[in-house]
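Only one structure is covered here, and it is reproduced in the block below.
Just so it is clear, none of the values below were taken in a lab; they were calculated from the coordinates. Since the structure is predicted, the reported quantities are computational estimates derived from the model, not experimental observations. Positions of Cβ are backbone-derived with ideal geometry, glycine not excepted, and every protein chain shown enters the neighbour counts.
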Ligand code: FES
Ligand code: FES
């Protein structure tokens, strides 16, 4: 099957039921997308599927054929994406483990709602858990990114 990741096509001979997260990390070496719970509960594996944030650990790879996937590596090669810059400005990360997933959810939110309210942010980010409790800085960073 042919899948498109970060604007590049990959022709892979793999089990169509394999979760996308396994394909990204174990087959393509794109380890920026993190394995947390593996059952759809934490959001650390979030990627964009046609600009919408989805949990890649519970997404069979067959379901993304014909769609465009963006991982954290696809945002920029040098942390220059506007959301990554806002994350740095707000000093968001603590241990960092959840942060790629948080950033991908934030990017998806800002594509859908360029000027989100706090409620919009809370709703959109509710699928992402941070054991370090960086939620208030995440909210601040999203507002910084929304200002452009
Ligand atoms: S690893 Fe996918 S939701 Fe936790
Ligand atoms: S920064 Fe540590 S889990 Fe979120």
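Selection of strands (runs of 3 or more DSSP E) fully inside region 1-109 by the criterion of at least 2 residues being within 26 Å of residue 146 (Cα to Cα) returns 46-49, 52-55, 68-70. Collect the residues in region 121-139 that are surrounded by fewer than 16 Cβ atoms within 10 Å (Cβ to Cβ) and outside any loop (DSSP other than H, G, I, E, B), keeping them in residue-number order. Hits for region 121-139 are 122, 123, 136.
Within region 91-122, the set of residues being more than 13 Å from the chain's Cα centre (by Cα) and near ligand 2 (Cβ under 10 Å from one of its atoms) comprises 92, 93, 94, 95, 96.
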